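Here's the structure we're looking at; comments come further down.
The values are calculated or read from the model by the stated rules, or taken from the named source; none is laboratory data. Every value quoted in this text rests on a predicted model; they were computed, and no experiment measured them. Glycine gets a Cβ as well: all are built from the backbone with ideal geometry, and neighbour counts include every protein chain shown.
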Ligand SMILES: [Zn+2]
């Protein structure tokens, strides 16, 4: 895909300082669209969720969705923003088939929320990300390019447009440039989007599914020579649709731009596209710079003037935000800062929380997710949430161990069954016959056999070296393939030998 | 020329209703009646089919030369009328009364072009609120009237489809952009019609054809379903033969609409009753301000002497009815024209961006050899007429980065100054307060067809007097005030926002006094003249 020259990442940092900026679009989960009553449900047949307003038919007029305005204000409040007492929508004029009116109704110099911030933590260090603005706009339709090899507009036989998405409320959250991240710039970018996603999810205003496009990220990046006073030209990478991609795209652009600058060339101010498969970016519209959107206040809508009392009420009723929740949970669950950071990075905080909610003691929930399950996710090369086990199943597993039905070693085998899709832990115990053995005939026979099979060990034990008993316990465990309870076996041996 | 009532009777199965219509007097052919007379006829037994057929006959006979309509569907109109008759609704409220709509009003299943080739063939899937309300009231749609393309123009000569002539003189323009509506009503091809007014497009054609035309307070009539020209200025309103008729039509279309965010959520003032009270002729206690900047001392350049004479006589008549008259200066009105020609084209350049050939209407050049940008450009190149292109270019320039403040921004400031002039006149506490402001509606009578088509600036000057009320969003009515060179002259009455009732009251007083002095209604002069001409020819 790309023949870009790249500089080795560590080397980039010896000569350049990165400056990142993020523009994040969040599709709100309101029942109806931003300016009409059409449904916003994802995945409907093309153009079935449309009306004269969102199709931009002649004469149709917009009416602003109050639930979307409320959701935007709540996001702004959660980010510590100032909420405008009076602001307007604006028309962003440009021609493209996926915008039905020939302009996008957005906000320009009067955003609903301004001047907020979000603190993110990477490797124990806190980075403050300043939020420049949070504004409300409408989403575009989707172009489908039919025919041709690439699915892109060039080479396509013809194009179709689906306007179901057109007019869905979209919140744009724009950071100020984030300096000082240095080598950690890719991780800081990722941590910011992760944290923002957590906040939006906590507010319940969007399902923030990056894979469905309800959270989309544009990553701005520029480099400055180390010690230099001026930042270089920035590029804006679009289509960055997973947390991992955010990190990779920053890394890639740092390496690419460094190579361009090393060659004494200039960075072109342009839109670039991120390619999930190769992890590279490619040049998009460079005429973007020349586009004059001719913004002006939208005359079809009245100004927004959020009532002070209303905003105060919204502020007072914000839910516990992720940062505060983490502090509380760290205490309740006895997590170290590193463990908490790890859980967060792995996207596993909710998994632990849900496991606790399903009845497992916090210490056990943490032990399983951070230990055995993390190891298996790592071995399988997937993210923790992608493992085929639910928090409810983990809680059940913990319960079976606590009840003595299984021991830790058996529990791992039970987990094998659960991950293999054999059902819930209790069912796997049953089907695989993994329950701990009681003092059954089978166990008695195994104990007797161990004693009979190792007269030298027996002599040692009876001669006073009680710790030698461990070898006999091990032998019994081996014969029973781990199904015996070690403590029971030890007691049985003691009864017979001492 | 006119369709005698017994034509209508022929189709009404001899129920005698049409005969009673005839008995009302020498001029009482259906197509020269006021709406209140038509209502009475319906109550007396005439049917909606009678009335509808009478107008359809006139359209069939005269519209070939007049050019008022872009679309007429006689069959559907008669079916609608028959349904109203069958339901027994005719005569209650507006039910059974025919009406014409300017083609800028979106009508479900009825072709709607806004006078442009780019919308040729488009069948809208929905009704404008104005259309829906008239439909709900049981009116019968006669057809869609011609207009300047996208309402941009003052003579209807910018229509992509046909020339519309002034019924008073077929070599003259009928005004614009609602010239199809004005010609239809003045020519007896509709009892009344809906027009839209962005900078004078109801009042100017009403004035030039001897009608009453009212531009309501901005936000008091829904814009939902009006094909937008300039969103912050567009208003639909009535065009009618009398002040009372206009008030009745306004009441039918006005009032809050949740589909239009800029619609004002207050009850409509009582309009028809204000017109009736006004017609009693007592204006004592009312203060009338004559705007110096609109044809007064030092500002008369470009105004015809006949127009100024009729205006002065009308003001004297208002005074004789008890009104106190004083001159008022509104200095910012001088800046209305340049401000308007920045704001309206700016908004238009954005409003007309949706006509790209992708979803509806004309598409040019989509033959598989051209890319999307080329198809869009070709469609717009061939779909828009020269005046529309001129304004799109003007507006695009005015909004472009680096020029925005100097043009659009400055124009908005002028708009604020104009509003302040109105406020100073209507609200000042120092005793100089006036209840209404008056001016000529237009500087000249209807000019000859073709006279200004090559001179946009001269064409724009036709809206000189009507622009201030548009920019300030205040209501203004045009009412006939006499003839100059045998052509109608209009007087404009402007009132504070939401005081539309004042326009109707004063206009009705003037109308009644003039009718009394003349001995017949203003438009009857035209009817008589047409009748004489027909006899002469015979
Ligand atoms: Zn819709």
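Restrict the check to the range A:157-168 and report whether at least one residue is at pLDDT 95 or above and farther than 30 Å from residue B:369 by Cα.
Within the range A:157-168, not a single residue is at pLDDT 95 or above and farther than 30 Å from residue B:369 by Cα.
Quick check on the range A:56-71: of everything there that is within 14 Å of another protein chain (Cβ to nearest Cβ) and out of contact with any strand residue (DSSP E or B) (no Cβ under 7 Å at 6 or more places or on another chain), which residue is nearest to residue A:106 (Cα to Cα)?
A:64
When you check residue A:74 against the structure, is it over 28 Å from residue A:276 (Cβ atoms), away from the ligand (no atom under 16 Å from the Cβ), within 14 Å of chain B (Cβ to nearest Cβ) and not in a loop (DSSP other than H, G, I, E, B), yes or no?
No.
Looking at A:123, A:98, can you tell me which residue is within 16 Å of the ligand (Cβ to nearest atom) and either within 30 Å of residue B:375 (Cβ to Cβ) or surrounded by fewer than 24 Cβ atoms within 10 Å (Cβ to Cβ) (or both)?
A:98
Name the single residue that is modelled with the lowest pLDDT among those in the range A:134-156 being within 16 Å of the ligand (Cβ to nearest atom) and assigned to a strand (DSSP E or B).
Within the range A:134-156, the subset within 16 Å of the ligand (Cβ to nearest atom) is A:137-142.
Restricting the remaining residues to those that are assigned to a strand (DSSP E or B) gives A:137-138, A:142.
Working: A:137: 96, A:138: 96, A:142: 88.
Among those that are within 16 Å of the ligand (Cβ to nearest atom) and assigned to a strand (DSSP E or B), it is A:142.
For residue A:301, state whether it is buried (at least 18 other Cβ atoms within 10 Å of the Cβ), assigned by TED's automatic domain parsing to the domain that holds residue A:170 and either modelled with pLDDT of 90 or more or touching a strand residue (DSSP E or B) at 6+ places or on another chain (Cβ under 7 Å) (or both).
On the way: buried (at least 18 other Cβ atoms within 10 Å of the Cβ): yes; assigned by TED's automatic domain parsing to the domain that holds residue A:170: yes; either modelled with pLDDT of 90 or more or touching a strand residue (DSSP E or B) at 6+ places or on another chain (Cβ under 7 Å) (or both): yes.
For residue A:301, the condition - buried (at least 18 other Cβ atoms within 10 Å of the Cβ), assigned by TED's automatic domain parsing to the domain that holds residue A:170 and either modelled with pLDDT of 90 or more or touching a strand residue (DSSP E or B) at 6+ places or on another chain (Cβ under 7 Å) (or both) - is met.
Just give me the residues in the range A:304-313 being within 14 Å of chain B (Cβ to nearest Cβ) and either surrounded by 13 or more Cβ atoms within 10 Å (Cβ to Cβ) or within 15 Å of residue B:218 (Cβ to Cβ) (or both), in sequence order.
A:304
Show the residue pairs that are 6+ apart or on different chains and have beta-carbon atoms under 6 Å apart, the first residue being within the range A:358-379 and closer than 17 Å to residue A:347 by Cβ, the second being outside any helix (DSSP H, G or I).
Note: pairs meeting the criteria are A:369/A:348; A:377/A:387.
Quick one: residue A:80 ticks every box in (1) part of a loop (DSSP other than H, G, I, E, B); (2) farther than 18 Å from residue A:203 by Cβ except a single one, so which number is it?
Tallying (1) part of a loop (DSSP other than H, G, I, E, B); (2) farther than 18 Å from residue A:203 by Cβ, residue A:80 fails exactly one: (2).
Restricting to the range B:60-96, name every residue that is surrounded by 20 or more Cβ atoms within 10 Å (Cβ to Cβ), in contact (Cβ under 8 Å) with a residue 60 or more places away in the chain and not in a loop (DSSP other than H, G, I, E, B).
Matches in the range B:60-96: B:62, B:63, B:66, B:69, B:70, B:72, B:77, B:80.
Quick one: residue A:50 ticks every box in (1) away from the ligand (no atom under 14 Å from the Cβ); (2) in contact (Cβ under 8 Å) with a residue 24 or more places away in the chain except a single one, so which number is it?
(1)
For the range A:64-71, check the following and say yes or no: at least one residue is near the ligand (Cβ under 9 Å from one of its atoms) and assigned by TED's automatic domain parsing to the domain that holds residue A:127. Give the derivation first.
Going through the range A:64-71, the residues near the ligand (Cβ under 9 Å from one of its atoms) turn out to be none.
No, there is no match, as no residue in the range A:64-71 is near the ligand (Cβ under 9 Å from one of its atoms) and assigned by TED's automatic domain parsing to the domain that holds residue A:127.
When you go through B:238, B:267, B:205 one by one, which is the residue that is within 23 Å of residue B:486 (Cβ to Cβ), away from every other protein chain (no Cβ under 14 Å) and free of Cβ contacts under 8 Å to residues at least 60 places away in the same chain?
When all the criteria are applied, what remains is B:205.
Examine the range B:154-177 for a residue that is part of a loop (DSSP other than H, G, I, E, B), within 14 Å of chain A (Cβ to nearest Cβ) and either modelled with pLDDT of 95 or more or in contact with a helix residue (DSSP H, G or I) (Cβ under 8 Å, 6 or more places away or on another chain) (or both), and state whether such a residue exists.
Start the filter on the range B:154-177 by keeping residues that are part of a loop (DSSP other than H, G, I, E, B), which leaves B:154-165, B:167-168, B:170-171, B:173-177.
Filter once more, keeping what is within 14 Å of chain A (Cβ to nearest Cβ): none.
Looking for residues that are part of a loop (DSSP other than H, G, I, E, B), within 14 Å of chain A (Cβ to nearest Cβ) and either modelled with pLDDT of 95 or more or in contact with a helix residue (DSSP H, G or I) (Cβ under 8 Å, 6 or more places away or on another chain) (or both), one finds none in the range B:154-177, hence no.
So, of the residues in the range B:121-138 that are more than 10 Å from chain A (Cβ to nearest Cβ), in a loop (DSSP other than H, G, I, E, B) and at pLDDT 95 or above, which turns out to be nearest to residue B:50 (Cα to Cα)?
B:138
Only one of A:327, A:382, A:389 is away from chain B (no Cβ under 14 Å), under 21 Å from the mean Cα position of the chain (by Cα), in a loop (DSSP other than H, G, I, E, B) and at pLDDT below 90; which?
A:382
Can you report the number of residues in the range A:11-44 which are in a loop (DSSP other than H, G, I, E, B), away from the ligand (no atom under 15 Å from the Cβ), surrounded by fewer than 19 Cβ atoms within 10 Å (Cβ to Cβ) and touching a residue at least 24 places away in the same chain (Cβ under 8 Å)?
Residues in the range A:11-44 being in a loop (DSSP other than H, G, I, E, B), away from the ligand (no atom under 15 Å from the Cβ), surrounded by fewer than 19 Cβ atoms within 10 Å (Cβ to Cβ) and touching a residue at least 24 places away in the same chain (Cβ under 8 Å): 1 in total.
Can you tell me which of A:8, A:4 is more than 16 Å from the ligand (Cβ to nearest atom) and surrounded by 16 or more Cβ atoms within 10 Å (Cβ to Cβ)? Let's see the steps before the verdict.
Working: A:8 fails: surrounded by 16 or more Cβ atoms within 10 Å (Cβ to Cβ).
The match here is A:4.
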